[in-house]
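Shown below is the structure under consideration.
The values are calculated or read from the model by the stated rules, or taken from the named source; none is laboratory data. Just so it is clear, the model here is predicted, and its values are computed rather than measured. All Cβ positions, even for glycine, are placed from backbone atoms using ideal geometry, and neighbour counts span all protein chains on display. Accessible surface areas use protein heavy atoms only, side chains included; no ligands, DNA or RNA. Shrake-Rupley method; radii C 1.70, N 1.55, O 1.52, S 1.80 Å.
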Amino acid sequence: MATAKKLPSGSWRCQVFSHYEPVFDDNGQVVIDPKTNKPKRKRIYESFTSDDPTRRGKVKAEALANEFYLSNRNKKRHPERLTLYEAIGRYIATSDPVLSPKTIEEYWKIRKNSFQGIMHLELRDLTDDILQEAINLETKRPNRRCKKNPRPISPKTVRNSYGLISAVISQYAGSYVPKVKLPEVPQKIIDLPDPHVIFKIVKGTDVELPSLLAMWLSFSMEEIRGLTRESVQGNYITINQVVIDVDGKETWKDLAKTPTRIRRHRIPDYIKSLIDALPEDQNQLVPGSATAIGKRFSRLMEKNGIIMNFHKLRHVNASVMAFLKVPEKYALERGGWKSDRVMKKVYTHTFSDKRVETDAMIDRYFEDVLNLEKAERDFDQTKYQAWLMLFDKKDSKKAQKEFLEFMQHEVQHENSKPA
C-alpha cells in the first residue's frame, strides 16, 4: 500500500499509480521508442493530500490513496467501470501486437483530441443520448489545420473517431449496443482532368514517375514509396511492401494493408524507360516523404489551373477503366480493391470532356423528343394525305406513327443544315 510523505508545508501527500499515457512531442505527435518501435509511455500518479499536520492527516491521505487503488483494481475486474479514456488506453495496449504503428498513432491522437466531453465518463454511464450529444458536438469541433479559413472537422473524421469508441464499447461493455446517428459524408461531384492533360503537366518533372505509377497502374502513395529495384522483374513490377510515415519517420511494412493490394502489373514501356533512367545507386524508385511528393504534385497542378491532390490519380485510373468498360473483375485486380462498392462509390468519376460529350448525347435525345412532340402538335392532314398517296399506304395508327417519324427525320435534317 502507498505511504504518505510530509511536505515542507506540513501537509501529508500520498501518491498512487493510476495509468500510462503516451508521450507527445512539441508538434503533438506520439514519440516512438526506437528500441521497441512502440509509443513511449509515462506513468501517471494520483496525489491525495491532507492539511492536517498530525498523524491523523497521514492516515487520511493514505486512506484516500488506498481507496483509489482498490477502485482501480475493481475497474480491472469490471471493465464497464473504466472511463472511456482508460478503456481506449487499454484497448490500444491489448491491440498493439496486431495493429500497425500508424494505426496505433492515430488511436492515441483520437483519445487526446476527440470526444473530450465524454472521456471522463465510465462505460457503464454511457447512453444513446449522451453519445448522440457528443457526436453532435464533435461535428462542430474546429479543424486545427484550417486556420486561414476556419471550419469544423469533416464528417469522415467524426465517423472514424467514433469507430474507435464503438469498438472499445463493444470490447468492454458488450451488453450495450449504442444506437446513434452519425453525420453523413457528403457525396462530392469531382471533375477530373483528362489523363493527357495530366501527362503534359507532369512530363519531365521530378513527379512524373510517381504520377504515372498512380494514374496508369493505380498504385497508391504508400505502394509507390515501397517500390525498389527488387520490385522490378523483367517487364513486371510487383507490390509486396509499402512505406508509411509514423511520427514523421519512414516505416517499411512487408505486407500491404489488405491481401488484394499484393499484385503484379506489366510495366508499360514508357514507365520502364523512366525507371531505367534512374541513377544506378538509387534502390528506392521514388524516395522522399509522402507529404513532399504530394505537395510537389499539387503545386504543379495548381500552376496549371487545376486543384487536385496526388491520391486523385488513382481515381483517374478507376474512371479510365470505367470509361473503357474494363470488366469489373480485372478492374478490381488492377486497382487492388476488395469490393466493387469502394471502386464505384469512392474512386469512379467522370472526366470533364467526357461529361460534356455525355451531356451533348443526352441533350440530343431530349431534343429529338421535343421535335417529335412538335411534329405531333403540327400534324398536317394535308401533308399526311399526300404522304399516304406517295407511299401507297392506307390510313391507320401504324401509318400515322410512320408519318410522325418521317416528319421528325425531316425536322432533324433541316436543323442540321448550316445557317
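Can you tell me which residues in the stretch 155-177 are more than 19 Å from Arg141 (Cα to Cα) and within 24 Å of the chain's Cα centre (by Cα)?
Ser166, Ala167, Val168, Ile169, Ser170
Scanning the stretch 292-319 for residues that are surrounded by fewer than 20 Cβ atoms within 10 Å (Cβ to Cβ) and β-branched (Val, Ile, Thr), which turns out modelled with the lowest pLDDT?
Ile307
Further question on the same structure: I'd like the residue in the stretch 179-198 that is open to solvent by 50 Å² or more (accessible area, probe 1.4 Å) and in a loop (DSSP other than H, G, I, E, B) and, out of all such residues, is farthest from Ser273 (Cα to Cα).
Across the stretch 179-198, the extreme among qualifying residues is Lys179.
Looking at the stretch 156-165, is at least one residue modelled with pLDDT of 90 or more, more than 30 Å from Arg334 (Cβ to Cβ) and in contact with a Pro (Cβ under 7 Å, 6 or more places away or on another chain)?
Scanning the stretch 156-165, I find at least one residue that is modelled with pLDDT of 90 or more, more than 30 Å from Arg334 (Cβ to Cβ) and in contact with a Pro (Cβ under 7 Å, 6 or more places away or on another chain), so the answer is yes.
Out of the stretch 1-21, which residues are under 29 Å from Ile88 (Cα atoms) and without any contact (Cβ under 8 Å) to a residue 60 or more places away in the chain?
Cys14, Gln15, Val16, Phe17, Ser18 - these are the residues of the stretch 1-21 that are under 29 Å from Ile88 (Cα atoms) and without any contact (Cβ under 8 Å) to a residue 60 or more places away in the chain.
On to the next question. Out of everything in the stretch 96-128 that is modelled with pLDDT under 85 and over 19 Å from Val23 (Cβ atoms), what residue ends up being surrounded by the most Cβ atoms within 10 Å (Cβ to Cβ)?
Ranking the qualifying residues of the stretch 96-128, first place goes to Ser100.
Quick one: which of Ile201, Ile224, Ile169 is closer than 30 Å to Leu121 by Cα and part of a helix (DSSP H, G or I)?
Only one candidate qualifies: Ile169.
A follow-up question, please. Output the residues belonging to the stretch 72-85 that are part of a helix (DSSP H, G or I) and either at pLDDT 90 or above or within 18 Å of Gln132 (Cα to Cα) (or both).
Across the stretch 72-85, the qualifying residues are Leu84, Tyr85.
Considering only residues of the stretch 129-156 that are part of a helix (DSSP H, G or I) and without any contact (Cβ under 8 Å) to a residue 24 or more places away in the chain, which is least open to solvent (accessible area, probe 1.4 Å)?
Ala134
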